[in-house]
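Notes follow the structure.
The values are calculated or read from the model by the stated rules, or taken from the named source; none is laboratory data. Values in this document were obtained by computation on a predicted structure and should not be read as measured data. Glycine also receives a Cβ, built like all others from the backbone with ideal geometry; neighbour counts cover every protein chain displayed. All accessible areas refer to the heavy atoms of the entire protein, side chains included, with ligands and DNA or RNA removed. Shrake-Rupley method; radii C 1.70, N 1.55, O 1.52, S 1.80 Å.
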Amino acid sequence: GQQVMQIPQYQHVQEGEDFTTYCNSSTTLSNIQWYKQRPGGHPVFLIQLVKSGEVKKQKRLTFQFGEAKKNSSLHITATQTTDVGTYFCAENYGGATNKLIFGTGTLLAVQP
Amino acid sequence: DGGITQSPKYLFRKEGQNVTLSCEQNLNHDAMYWYRQDPGQGLRLIYYSQIVNDFQKGDIAEGYSVSREKKESFPLTVTSAQKNPTAFYLCASSGGGLGNEQFFGPGTRLTVL
């Protein structure tokens, strides 16, 4: 079945350092979404990527979709303590049903 | 959050009892979803519904049941047949169609003793 692999599982950085999480699929993705879940909270939608090679930015966050649409990445520049949480990628595999397969997530810890 | 409510936030039940988790949304969304999250893991789809009076099994539907009698409500019953029910349960909704974001409720943490 379809699988979405996400690495690393855990990353600990000093505040101000950069952070990147990677999402890889065994199949071509129609689109990919990214969510953030704060500790003890629920996932919150960040962004959706649809086009091959697409790059989108949200302040210090940069999202990329691979040229072959089989991988994606999220890069955070100069992390802050507010960036703490688990970042999930999610593949839309259900067409119009919008069913998502979530990656295992990357837990980001930021030391002040 | 986002117009989706789940109650209660924490729930304790004895083994062998059925328990129903509520999920209500006022976003006028057609599609609703139930996920299960275990510690340190991603979300796994239990059931989803695209329209009232219709729902489909997700990847881990065994031991669970749902109903969708109203657009706003999508309750999940965790039955005694679920072998390992202790988990964090998240409900979500979306406007439907390809690629629409999902809005999540605050979740219910179920502990079966």
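Using alpha carbons only, how many angstrom separate the centre of the range A:1-42 from the centre of the range B:10-24? So the two Cα centres are separated by 30 Å.
Solvent-accessible area per residue for the range A:16-83 at a 1.4 Å probe radius, Å²? Provide the component values of the computation, followed by the final result.
Details: 3250 Å² over 68 residues.
Per-residue accessible area for the range A:16-83 comes out at 48 Å².
How many Å² of accessible area per residue for chain B, probe 1.4 Å?
Values: 5450 Å² over 113 residues.
Using a 1.4 Å probe on heavy atoms only, each residue of chain B averages 48 Å².
Could you give the semi-axes, largest first, of the ellipsoid that matches the protein assembly as shown, computed as the square roots of 5 times the alpha carbon gyration tensor eigenvalues and rounded to whole Å?
Details: eigenvalues 175, 83, 47 Å².
Those come to 30, 20, 15 Å.
Quick one: pull the percent of accessible area on the range A:1-73 belonging to carbon and sulfur, 1.4 Å probe, ligands and nucleic acids left out. Don't skip to the answer; put the middle values down first.
Values: 2000 of 4030 Å².
Percent of accessible area from carbon and sulfur atoms in the range A:1-73: 50.
Counting, for every residue in B:3-15, the Cβ atoms of other protein chains within 10 Å of its Cβ and taking the mean gives 0. Size of chain B from its Cα atoms: along the principal axes, largest to smallest, the extents are 38, 25, 22 Å.
The A and B chains share an interface that buries close to 1800 Å² of accessible area, total over both sides, probe 1.4 Å.
Cut-off 16 Å, label point 7 angstrom out along Cα-to-Cβ of B:S67: give me the residues of the range B:14-41 whose amide nitrogen falls inside. Only B:18-24 fall inside the zone, counting backbone N under 16 Å.
Direction-averaged projected area, Cα convex hull, the range A:1-48: 4.7 nm², rounded to one decimal.
Taking all Cα-Cα distances within the range B:42-100, those exceeding 17 Å account for 40%. Lysine pairs in chain A whose alpha-carbon atoms fall under 23 angstrom of each other, counting only those eight or more residues apart or on distinct chains, come to 18.
How much FRET efficiency would the formula 1/(1 + (r/R0)^6) give for B:N26 and A:K70, where r is the Cβ-Cβ distance and R0 is 45 Å, rounded to 0.05? All intermediate terms of the calculation are to be shown ahead of the outcome.
Details: r = 38 Å, r/R0 = 0.84.
Calculated value: 0.75.
If you run the Gaussian network model on chain B, springs between alpha carbon atoms under 10 Å, then out of B:G95, B:G63, B:G42 the most flexible one is B:G42. Note on the range A:16-83: Cα-only Rg and Dmax are 12.4, 35 Å.
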